[in-house]
1. Sort out which residues of region 56-87 are out of contact with any strand residue (DSSP E or B) (no Cβ under 6 Å at 6 or more places or on another chain), surrounded by 14 or more Cβ atoms within 10 Å (Cβ to Cβ) and part of a loop (DSSP other than H, G, I, E, B), and write them in order of number.
2. Does region 138-165 hold any residues that are under 16 Å from the mean Cα position of the chain (by Cα) and either outside any loop (DSSP other than H, G, I, E, B) or within 11 Å of residue 21 (Cβ to Cβ) (or both), and which are they?
3. Among the numbered criteria (1) modelled with pLDDT of 95 or more; (2) touching a strand residue (DSSP E or B) at 6+ places or on another chain (Cβ under 8 Å); (3) under 30 Å from residue 179 (Cβ atoms), which one does residue 38 miss?
4. Please indicate, with yes or no, whether at least one residue in region 254-277 is touching a residue at least 60 places away in the same chain (Cβ under 8 Å) and at negative phi.
5. Evaluate the following for residue 106: is it out of contact with any helix residue (DSSP H, G or I) (no Cβ under 7 Å at 6 or more places or on another chain), under 18 Å from residue 284 (Cβ atoms), in the same structural domain as residue 24 (by TED's automatic domain parsing) and surrounded by fewer than 19 Cβ atoms within 10 Å (Cβ to Cβ)?
6. Restricting attention to region 183-192, does a residue exist that is more than 13 Å from the chain's Cα centre (by Cα), outside any strand (DSSP E or B) and in contact (Cβ under 8 Å) with a residue 24 or more places away in the chain?
7. Hey, among the residues in region 213-234 that are out of contact with any strand residue (DSSP E or B) (no Cβ under 8 Å at 6 or more places or on another chain) and surrounded by fewer than 20 Cβ atoms within 10 Å (Cβ to Cβ), which one's modelled with the lowest pLDDT?
8. Tell me, which residue of region 29-55 that is part of a strand (DSSP E or B) and touching a helix residue (DSSP H, G or I) at 6+ places or on another chain (Cβ under 6 Å) is surrounded by the fewest Cβ atoms within 10 Å (Cβ to Cβ)?
């Protein structure tokens, strides 16, 4: 089993040798490798069972450390970095020759960010290379938001998990790039919203059409973040539950408990105060818990499709068995 530790020196030693370490971020746990070591990066794809056409995100300690790995920086990039880093925004920028092709799946842009987790920032400051790190889970499965999720899914396949506790944001970072017309475009929604970015750039921000067949950024697969248990998303939970009477049913409600007469094996309520931030933080952990109970069906309540709610609903749609 993987060693669980808070010791960043031990983590650095493993990474320096070209091996994998699961690292905490404020979003989800990442499966990290020395990004300039192609053999190490290949271990990420093999361990996760990740398709080779799905790019990776590079993690850095600060903006200055990114410059050798990109070809140019614009005023808009500088504004966004100043506003949101360290934090949950990933930017797609023109890559330099220092970035191995395996990182970008042969694409001209590389995804970069500065994560906002004290333990991982300390680690990154001790490294003389960036970390490539997708989520620390088998490809397509629910992302991990605490060390136990990583241990359960990959504990026998990796040497170490850096224990940073529970992730505070709970959803993967927002990914922003610029389309052919140089318009700022969100390719993966996250807790940093379209409105947040528009306020900084003082212009309209587009949202890329979901489930694009062309992968230009991580997290764009139509089936992703999914439990093994059959999962259905509901916009009218009390009505929908009645359809599944007699099933071994797990339910994730947003802020109020089910008041009907159908027997539910396990119900989880994400936020009694109806906070979208709290719902985002707790969603994946709730999905992990229900997926471990050998249920017939997981029914998850959708949220209002505004602000962070758009990112939550995006993850729910990708996790659903029936799209």
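1. If the condition is that a residue be out of contact with any strand residue (DSSP E or B) (no Cβ under 6 Å at 6 or more places or on another chain), surrounded by 14 or more Cβ atoms within 10 Å (Cβ to Cβ) and part of a loop (DSSP other than H, G, I, E, B), then 60, 61, 63, 73, 85, 86, 87 are the ones that fit.
2. Across region 138-165, the qualifying residues are 141, 147, 149, 150, 153.
3. Going through (1) modelled with pLDDT of 95 or more; (2) touching a strand residue (DSSP E or B) at 6+ places or on another chain (Cβ under 8 Å); (3) under 30 Å from residue 179 (Cβ atoms) one by one, residue 38 breaks only (2).
4. Step one: list which residues in region 254-277 are touching a residue at least 60 places away in the same chain (Cβ under 8 Å), which gives 277.
Those left that are additionally at negative phi: 277.
Yes.
5. Judged against the criteria, residue 106 is not a match.
6. The answer is no, given that none of the residues of region 183-192 is more than 13 Å from the chain's Cα centre (by Cα), outside any strand (DSSP E or B) and in contact (Cβ under 8 Å) with a residue 24 or more places away in the chain.
7. Of the residues in region 213-234, the ones out of contact with any strand residue (DSSP E or B) (no Cβ under 8 Å at 6 or more places or on another chain) are 213-215, 221-224.
In the following step, the residues that additionally are surrounded by fewer than 20 Cβ atoms within 10 Å (Cβ to Cβ) were identified as 213-215, 221-223.
Details: 213: 56, 214: 62, 215: 66, 221: 63, 222: 62, 223: 70.
Per the criteria, the residue is 213.
8. Step one: of region 29-55, the residues part of a strand (DSSP E or B) are 30-34.
Retained after the next criterion (residues that are touching a helix residue (DSSP H, G or I) at 6+ places or on another chain (Cβ under 6 Å)): 31, 33-34.
Values: 31: 29, 33: 29, 34: 24.
Result: 34.
The values are calculated or read from the model by the stated rules, or taken from the named source; none is laboratory data. Small disclaimer: the values here were computed from a predicted structure and weren't measured. Backbone-built Cβ (ideal geometry, glycine too); neighbour counts: all protein chains shown.
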